[in-house]
Amino acid sequence: MKKLSFFILFVAVALVSSAQLPSVSLKDINGKTVNTASLSNEGKPFIISFFATWCKPCQRELKAIHEVYEEWQQETGVRLIAVSIDEGQNVQKVKPLVDGFGWEYQVLLDPNGDFKRALGINMIPAVFIVDGNGNIVDKRSGYTDGSEQHLIEKVRELIAH
C-alpha cells in the first residue's frame with residue numbers, strides 16, 4: 001500500500017510540475033486581447049506575477065525585480081508578465097501605477113479573477129515560472145525581501161538544461 005501511495009503522490013507531483021497554462025482571454029493595459037494559453041517567450045522561460053495596486057508586498061516584489069530585470073534579460077532572456085487582479089474602479093489605477101514605477105513588463109488585467117482561479121491562486125503575490133515549452137515548473141505565493149533571487153536561480157537552471 002505504501003508503494004501505491006508513493007506512486008500516486010509522485011504522479012500528482014509530476015502532473016502539477018508540468019501543468020500547461022490554462023486558456024483565458026484577458027486584456028493588456030492597452031486594451032489588446034491576449035489568450036493566456038498562448039503566452040510564451042520564444043522558447044525561453046518566463047515569469048508570471050500576479051499583483052494588485054493595493055497589495056504592498058506585490059509592489060515590493062515587482063520593484064525589486066525591476067531593479068535587476070535588465071540584467072536578468074541580458075543574462076537569460078527571461079521576461080516577466082505581470083497580471084493585475086484589480087477589480088472595478090481599481091482597474092483604472094493599474095496603468096498609472098505601472099507607468100509611475102517605470103515597469104517594462106507586459107501587463108495583463110484579470111478583473112474577474114478567471115486566470116487567477118484557473119491557476120488555483122488564493123494569495124498574492126503569486127508567481128509562476130514557465131519553461132520554454134509552456135509548462136509551469138515552479139510557483140509560490142507571498143513575498144519576503146530577497147525572495148526574487150529564487151526566480152532567477154530557477155530560470156538559470158532551466159536554460160542550463
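Can you tell me which of N112, N122, N133 is touching a Gly at 6+ places or on another chain (Cβ under 9 Å), part of a loop (DSSP other than H, G, I, E, B) and of a type in the set (S, T, N, Q)?
Values: N112 fails: touching a Gly at 6+ places or on another chain (Cβ under 9 Å); N122 fails: touching a Gly at 6+ places or on another chain (Cβ under 9 Å).
Going through N112, N122, N133 in turn, the sole match is N133.
Here are some conditions: (1) within 20 Å of Q149 (Cβ to Cβ); (2) more than 16 Å from the chain's Cα centre (by Cα); (3) β-branched (V, I, T). V91 meets all but one. Which one does it not meet?
Here V91 clears every test but (1).
Wholly within region 11-101, which strands (runs of 3 or more DSSP E) include no fewer than the required count, namely at least 2 residues that are of a type outside the set (S, T, N, Q)?
25-28, 46-51, 79-84
May I ask you to list the residues in region 118-132 that are touching a residue at least 12 places away in the same chain (Cβ under 8 Å) and more than 12 Å from the chain's Cα centre (by Cα)?
A118, N122, M123, G132
When the residues of region 93-117 are filtered to those that are acidic (D, E) and touching a residue at least 24 places away in the same chain (Cβ under 8 Å), which remaining residue is nearest to L21 (Cα to Cα)? Working first, answer last.
Here is the first cut: in region 93-117, the residues acidic (D, E) are 99, 104, 110, 114.
Within this subset, residues satisfying the condition of being touching a residue at least 24 places away in the same chain (Cβ under 8 Å) are 104, 110, 114.
Values: E104: 22, D110: 15, D114: 12 Å.
The extreme case among them is D114.
Report, by residue number, each residue of region 38-79 that is within 22 Å of F115 (Cβ to Cβ), under 16 Å from the mean Cα position of the chain (by Cα) and exposed (fewer than 14 other Cβ atoms within 10 Å of the Cβ).
S38, the sole residue that qualifies.
For region 108-134, give me each residue that is more than 15 Å from S84 (Cα to Cα) and surrounded by 15 or more Cβ atoms within 10 Å (Cβ to Cβ).
I129, V130, D131, G132, G134
Go through the residues of region 79-86 one by one and say whether even a single one is at pLDDT below 95 and not small (G, A, S).
no
From the list S147, S141, which residue is surrounded by 14 or more Cβ atoms within 10 Å (Cβ to Cβ), of a type in the set (S, T, Y) and within 16 Å of L62 (Cβ to Cβ)?
Answer to the selection: S147.
Looking at region 101-108, can you tell me whether even one residue there is of a type in the set (S, T, N, Q) and farther than 15 Å from R60 by Cα?
Checked region 101-108: at least one residue is of a type in the set (S, T, N, Q) and farther than 15 Å from R60 by Cα.
Tally the residues that are in contact with a Leu (Cβ under 8 Å, 6 or more places away or on another chain) and in contact (Cβ under 8 Å) with a residue 60 or more places away in the chain, restricting the search to region 63-77.
Residues meeting the conditions: 1.
The values are calculated or read from the model by the stated rules, or taken from the named source; none is laboratory data. Source: prediction; values computed, not measured. Note: ideal-geometry Cβ built from the backbone for every residue, glycine included; neighbour counts use all protein chains shown.
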